[in-house]
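*Asks:* Got a structure here, written out as structure tokens. Questions coming.
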Amino acid sequence: QVQLVESGGGLVQAGGSLRLSCAASGSIFSINAMGWYHQAPGKQRELVAVITSDGSTNYADSVKGRFTISRDNAKNTVYLQMNILQPEDTAVYYCYAAIATMRAGPLYRHWGQGTQVTVSS
């Protein structure tokens, strides 16, 4: 069994910063890509940022230059540093990880429980 536990959400004023963390635990052999999505009320879940196992990153256009994704492979943890937050960043943020639970096994995407980020104007 695999679990992803998120932390770091909250309420912040526009222009402020937050750092989200997501730690994977359980029966993990290897982790490939890790990333973050967000979902605003009434909207579909959208990709925010992704980081591969070798450290390559990709970002949604709306967060480029403001958000930074990173990971600590020794801790099976992915982070999202969010700077210059804007009201339109308000959403529930979900982390994910593509995890194999055995050698040469398939990768499955596991999700965190979600953490609310609210940016006031």
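The values are calculated or read from the model by the stated rules, or taken from the named source; none is laboratory data. The model shown is predicted, which means the values in this text are computed figures rather than measured ones. Note: ideal-geometry Cβ built from the backbone for every residue, glycine included; neighbour counts use all protein chains shown. Accessible surface areas use protein heavy atoms only, side chains included; no ligands, DNA or RNA. Shrake-Rupley method; radii C 1.70, N 1.55, O 1.52, S 1.80 Å.
*Asks:* Mind counting the residues in region 82-121 that are in contact (Cβ under 8 Å) with a residue 24 or more places away in the chain and part of a loop (DSSP other than H, G, I, E, B)?
*Replies:* 14
*Asks:* Yes or no: Tyr37 open to solvent by 40 Å² or more (accessible area, probe 1.4 Å), under 14 Å from Ala97 (Cβ atoms) and of a type in the set (Ser, Thr, Tyr)?
*Replies:* Yes; evaluated as a whole, the condition is true for this residue.
*Asks:* Separate question: Considering every residue within region 82-98, establish whether at least one is of a type in the set (A, V, I, L, M), touching a Phe, Trp or Tyr at 6+ places or on another chain (Cβ under 6 Å), more than 20 Å from Ser17 (Cβ to Cβ) and open to solvent by less than 40 Å² (accessible area, probe 1.4 Å).
*Replies:* Taking region 82-98 first, the residues of a type in the set (A, V, I, L, M) are 82, 84-85, 91-92, 97-98.
Filter once more, so that each one left must be touching a Phe, Trp or Tyr at 6+ places or on another chain (Cβ under 6 Å): 82.
When the remaining residues are screened for being more than 20 Å from Ser17 (Cβ to Cβ), the result is none.
Looking for residues that are of a type in the set (A, V, I, L, M), touching a Phe, Trp or Tyr at 6+ places or on another chain (Cβ under 6 Å), more than 20 Å from Ser17 (Cβ to Cβ) and open to solvent by less than 40 Å² (accessible area, probe 1.4 Å), one finds none in region 82-98, hence no.
*Asks:* Quick check on my filter: what residues within region 47-102 are β-branched (Val, Ile, Thr), more than 15 Å from the chain's Cα centre (by Cα) and closer than 19 Å to Val119 by Cβ? Full working, then the answer.
*Replies:* To start, the set of residues in region 47-102 that are β-branched (Val, Ile, Thr) comprises 48, 50-52, 57, 63, 68-69, 77-78, 84, 90, 92, 99, 101.
Pick out the ones that are also more than 15 Å from the chain's Cα centre (by Cα) and you get 84, 101.
The one that is β-branched (Val, Ile, Thr), more than 15 Å from the chain's Cα centre (by Cα) and closer than 19 Å to Val119 by Cβ: Ile84.
*Asks:* Which pairs do you get when a residue that is under 9 Å from Ile84 (Cα atoms), found in region 7-19, comes within reach of a residue that is open to solvent by 50 Å² or more (accessible area, probe 1.4 Å) and part of a strand (DSSP E or B), reach meaning Cβ atoms under 8 angstrom, with the pair 6+ apart or on two chains?
*Replies:* Ser17/Gln81
*Asks:* Six or more apart or on different chains, Cβ atoms under 8 Å: show the pairs whose first residue is in region 41-68 and in contact (Cβ under 8 Å) with a residue 24 or more places away in the chain and whose second is open to solvent by 50 Å² or more (accessible area, probe 1.4 Å) and among the charged types (D, E, K, R).
*Replies:* Note: pairs meeting the criteria are Ser62/Glu88.
*Asks:* Could you list all residues from region 40-65 that are part of a loop (DSSP other than H, G, I, E, B) and either among the small types (Gly, Ala, Ser) or closer than 21 Å to Ala98 by Cα (or both)?
*Replies:* Ala40, Gly42, Gln44, Arg45, Thr52, Ser53, Asp54, Gly55, Ser56, Ala60, Gly65, listed by residue number.
*Asks:* Continuing with the same structure: Taking region 46-57 as the search range and keeping residues that are within 11 Å of Ala33 (Cα to Cα) and surrounded by 13 or more Cβ atoms within 10 Å (Cβ to Cβ), which one is modelled with the lowest pLDDT?
*Replies:* Among those residues, the one meeting the criterion is Ser53.
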